[in-house]
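Heads up, the thing below is written out as C-alpha cells.
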Amino acid sequence: MQKKGNRYGVHRVLEPEGVLPQPALRLDNDFSEIYDNEILCDVATLNIDAASFLDIKDRAGNDPEKVARIIIDIVNRYGKHQNPRTGSGGMFIGEVTRIGAALKGRIDLKEGDRIASLVSLSLIPLRIDDILAIHMDKDQVDIKGQAVLFESGVWSKLPEDLPERLALAVLDVAGAPAQMDRLVRRGDTVAVIGARGKAGLLCCYQAKQKAGPKGRVIAVVHREDGKADVENAPFVDEVIVEQADRALDLFEKMVQATEGRLCNIVVSCVSREDCEMGAILIAKDLGKVYFFSMATSFTKAALGAEGIGKDVEMIIGNGYCAGHADLALDIMRQSTYLRDLYIKRYC
Ligand SMILES: NC(=O)c1ccc[n+]([C@@H]2O[C@H](COP(=O)([O-])OP(=O)(O)OC[C@H]3O[C@@H](n4cnc5c(N)ncnc54)[C@H](OP(=O)(O)O)[C@@H]3O)[C@@H](O)[C@H]2O)c1
C-alpha cells in the first residue's frame, strides 16, 4: 500500500518543515518507495537554467569536471537541483517508470512514456547516480538518475516529430514566447534584450507574429558575434548591439532607433545580472517590461523604476502559462529558420 502524498509534494520536504518544495532547502530523494500521487522517472538529460549554468561554469572556471562536481554536490546536499546562488533549476527529460496508484487512469500517461518536466528542477526531488556527459554550450547534462513529479507538477509528452534535445531546450523557456503572445498588440514596438538566446529568439518570433508588419521587433544583443543569428532572422526588424547592463548607452541607441518613441513592450531574456535599468529605460511611459530573466532583482527593478520616475508595468516571468508547451513546440514546426538554428545549437 503506497503512502498518501500531498498534492504539492510537501510530503517530500525535509527542511524546513511545512514549506512547499520550491522554497524548501532540502527534499527527500529516496525513491525506494513512491507516494500514491507521484510519477517516478528515469532521467536522461537535465537542461540547467541558463543563469544557473552560467554561474556554475564561472565558478568551475569552465572546467567540465568541476561543473559535474558542483552539480552532484548541489543534488546531494539539497535532494534537488537548485543552485543556491541563483535559486533557479531547469528541467529534465526522461522516461516514466512508475505511476502512483492515485494517479493511474486519471492522467494521460503510462509507464514507458517519454516526457519533459515543465516544472522547475528547483522543486523536483532528484537523485543523480552518475553524470554521463556535460554539454557546456547547450546547458545540458546527461545523467543516470531518477526524479519524481508530484500530482500538481506539469509535464509534457515528448513530441515524436522533433528531436528530444530540441524539445528539451525549447520547453525550458516556453513561458517566454507564451507571454509575448498575451502581451503584444498589433503595431507595437517590442524590444527583446538577450535576443540571441534560446528564449530571446522565441520571443522575437512570437512578438512579430502578434505585432504584425506595422509593428517592430528590435533585438538587443551584446556582441557582434551573435549578431548574425538575429540579423538574419526573418522576424526581426532591427538589431541594436549594446551591453544590457549599460543602461544609458542602451537607452541612447533605442532613442535613435525609435526616434524617441521607445517601446510598448520590453522583454528581458538576459542571463546576466544588472540588466533591470536598461529594460526599464527603453520602455515608453505606461509600457510593459516583462522580466523573464532569472538574474532579475525585484529590488533593483522596483526601486530603480521608482528612482527615475518611470511609470511602467513590470511583470515577473512566470515559467508556466496555459498552452505554453504547445505554443513553443509549434514555433519549431512553423519556423524553419529557428528549427535549423536550434538543431545546430542544441542537438
Ligand atoms: N522565468 C522563467 O520561468 C525562466 C525559465 C527558464 C529560463 N529563464 C531565464 O531566462 C533567461 C534566458 O534563458 P535562455 O535559456 O534563453 O538563456 P541563453 O540562451 O543563455 O540566453 C541569454 C542571452 O543573454 C545574452 N547576454 C548575456 N549577457 C548580456 C549582456 N550584458 N547584454 C545583453 N545580452 C547579454 C547572451 O548572449 P550570448 O548568446 O552572446 O552569450 C544570450 O544570448 C535566463 O536568465 C534564464 O535563467 C527564466
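Couple of notes before you dig in:
- Check on G278, over 30 Å from A133 (Cα atoms), near the ligand (Cβ under 10 Å from one of its atoms) and not assigned by TED's automatic domain parsing to the domain that holds Q140: yes
- Taken over the range 210-251, the criterion of being away from the ligand (no atom under 15 Å from the Cβ), assigned to a helix (DSSP H, G or I) and out of contact with any Ser or Thr (no Cβ under 9 Å at 6 or more places or on another chain) is satisfied by K210 alone.
- Among residues that are assigned by TED's automatic domain parsing to the domain that holds D340, touching a Lys or Arg at 6+ places or on another chain (Cβ under 8 Å) and under 22 Å from D340 (Cβ atoms), V266 is not included.
- Residue that is out of contact with any strand residue (DSSP E or B) (no Cβ under 9 Å at 6 or more places or on another chain), surrounded by 18 or more Cβ atoms within 10 Å (Cβ to Cβ) and in contact (Cβ under 8 Å) with a residue 40 or more places away in the chain, where the choices are N37, N62: N37
- Counted as qualifying within the range 257-347 are the helices (runs of 4 or more DSSP H) with 1 or more residues that are more than 25 Å from S88 (Cα to Cα), hydroxyl-bearing (S, T, Y) and out of contact with any Cys (no Cβ under 8 Å at 6 or more places or on another chain), namely 336-346.
- Filtering the range 191-198 for residues that are within 16 Å of the ligand (Cβ to nearest atom), part of a helix (DSSP H, G or I), outside the structural domain of I70 (by TED's automatic domain parsing) and in contact with an Asp or Glu (Cβ under 8 Å, 6 or more places away or on another chain) leaves a non-empty set.
- Qualifying residue in the range 90-106 (condition: assigned by TED's automatic domain parsing to the domain that holds N29, in contact with a Phe, Trp or Tyr (Cβ under 6 Å, 6 or more places away or on another chain) and of a type in the set (D, E, K, R)): no
The values are calculated or read from the model by the stated rules, or taken from the named source; none is laboratory data. Everything numeric here is computed off the predicted structure, so don't read it as measured data. Every residue, glycine among them, receives a Cβ derived from its backbone with ideal geometry; neighbour counts consider all protein chains shown.
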